[in-house]
Amino acid sequence: MKRVTLLTVCAATVALVAAGCGNSSNNSSGGNSGSGSGSGNTATSSSGTPKCAGSSTPAAPPSSGGTLTVWLMSGSAPTGWAEKINSDFAAKYPGWKVNYQVQQWNGIVAKLNKALVSSQTPDVIEVGNTQAVSYASAGELEDLSSVTNQFNCPQFNQALAQSGAFQNKQYAIPFYGANRTVIYRKDMFAHAGITSPPTTDSEWLSDMGKLKSAYSSDPEFQAMYLPGQEWYTMLSFVWDHGGDVAKSSNGKFTATLNSPQAQAGIDFYKQLYQASGTTAPKDTDEATPQQSDVVSKDGGHVAMMIGLPWEEAGVVKNDPNLADQFAAFPIPSSQAGKTAPVFLGGSDLAVSASSPNQAAAQAWLAMASNSANQAVLAQNGAVPGTSTDISGLSGSPVGTAMGIASKIGKVTPITPAWAAVEAGNNPLKTMLTEVLQGSKSTADATNEADAALNKILQSGS
């Protein structure tokens, strides 16, 4: 996603979406809910996030001025985006200046753990959206529940907003996101007589048959490259069939992959793998080998891949002759007229609970979340976090499809324990390999995956 229309913000997406929005576990412990300015019990919306609250106009920082320290991650903000906000902030609030620092993803968890409890804490920080709950549960983020209207709360992307909520309080606001689409070769579809992308999973399977027939003379041809352990994609099918990875009751998560609905989604993943003609290993994910390298190999023998915009850009970087050959469509649903839900990875923005510059930090966040600045994020290829206007994504076929799919984006279970699922021996990956290899039935594999997940998710309960 570093091209002008698609990749400006997605160096971070490599670390975030492909790796689960920061798969390093926050090592801080503790269950306190933070020291923030929100008070008492907060009413919640139907999505599980606190209802929008407070004035839409932020309070002005102290007129005495000061320095606001802002940490954003490498690759997240388009060129000039943060700099313009910093300039506008200094102009609007005389006496204030912004100490803007770009941080690297490698080692950021340990660095934040130390910084957030120090006397030199940054005021505003960016966190991966699966990391936010860990910092919130440790009391390291300010409770923003009572002032969310100043951050354009009515237009929050709800999946990203949920990732910044903990115990019915909003500790982080959405920054940006990205999600997978089906990226396909237009020329190969045309050669197979496919005049429009599939809109249901049955059409999708049918089109794979047409593609394999049209390219039957090519022994290297794959209708779609689908890695065996691509569990983020599997989530789409589990959700589409009405299942989920885990459900929460009274603050306790219990894995639910053994439900009939979840099993139906996993079985469709197996069906798709078998129908695709993929040569992808059953026991590795999309990074081993990097699927963009496979799709671009020898001029390209792959008609489709399920991926992120930066992966399409990777194909084109490897083989510039393919630059105009790609388009995309949302992952099809089993239900006509719908698209499958997608995992929405990305980042949130938060205020350090120990920041001495709370008003200034909130004023900076208000600028970052306004419609004009969110439009710039969309124009540079990201799903905006605090604006429902995704028209800026329409500058490319992949961006258009991503924007459509993002409307029903979802996230993994909002619990500090989830980081350990992704960081360790991920039970979802093991389950998929067992199902695809046929070493276990779907029922047995999901029962074992649930047991392994429950051991992690309930370890602190």
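Laid out as a table, the results:
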quantity	calculated
Residue within region 358-372 that is more than 16 Å from the chain's Cα centre (by Cα), assigned to a loop (DSSP other than H, G, I, E, B), surrounded by 24 or more Cβ atoms within 10 Å (Cβ to Cβ) and among the small types (Gly, Ala, Ser) present	yes
Filtered residues of region 72-97 (kept if aliphatic (A, V, I, L, M), under 18 Å from Gly381 (Cβ atoms) and assigned to a helix (DSSP H, G or I))	Ala82
Search result, residues across region 280-331 that are in a loop (DSSP other than H, G, I, E, B), among the small types (Gly, Ala, Ser) and in contact with a Leu (Cβ under 7 Å, 6 or more places away or on another chain)	Ala280, Gly300, Ala303
Boolean, Phe237 is surrounded by fewer than 23 Cβ atoms within 10 Å (Cβ to Cβ) and touching a residue at least 60 places away in the same chain (Cβ under 8 Å)	no
Residue in region 388-396 that is at pLDDT 95 or above, in a helix (DSSP H, G or I), more than 16 Å from Leu160 (Cβ to Cβ) and in contact with a Pro (Cβ under 6 Å, 6 or more places away or on another chain) present	no
Residue satisfying all of: in region 266-279; assigned to a helix (DSSP H, G or I) and in contact with a Leu (Cβ under 8 Å, 6 or more places away or on another chain); farthest from Glu230 (Cα to Cα) among these	Ala275
Verdict on Pro320 being surrounded by fewer than 22 Cβ atoms within 10 Å (Cβ to Cβ) and over 23 Å from the mean Cα position of the chain (by Cα)	yes
Any hit, region 171-182, residues being crowded, with 19+ Cβ neighbours inside 10 Å and modelled with pLDDT under 95	no
Residues satisfying the stated conditions in region 141-155, i.e. in a loop (DSSP other than H, G, I, E, B) and among the aliphatic types (A, V, I, L, M)	Leu144
Test: Lys210 is assigned by TED's automatic domain parsing to the domain that holds Leu436 and without any contact (Cβ under 8 Å) to a residue 24 or more places away in the chain	yes
Ala280, sole failed condition from (1) in contact with a strand residue (DSSP E or B) (Cβ under 7 Å, 6 or more places away or on another chain); (2) crowded, with 22+ Cβ neighbours inside 10 Å; (3) touching a residue at least 60 places away in the same chain (Cβ under 8 Å)	(3)
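The values are calculated or read from the model by the stated rules, or taken from the named source; none is laboratory data. Please read all numbers here as calculations on a predicted model, not as lab measurements. A quick note on method: Cβ atoms are made from the backbone with ideal geometry, for glycine too, and the neighbour counts reach across all protein chains shown.
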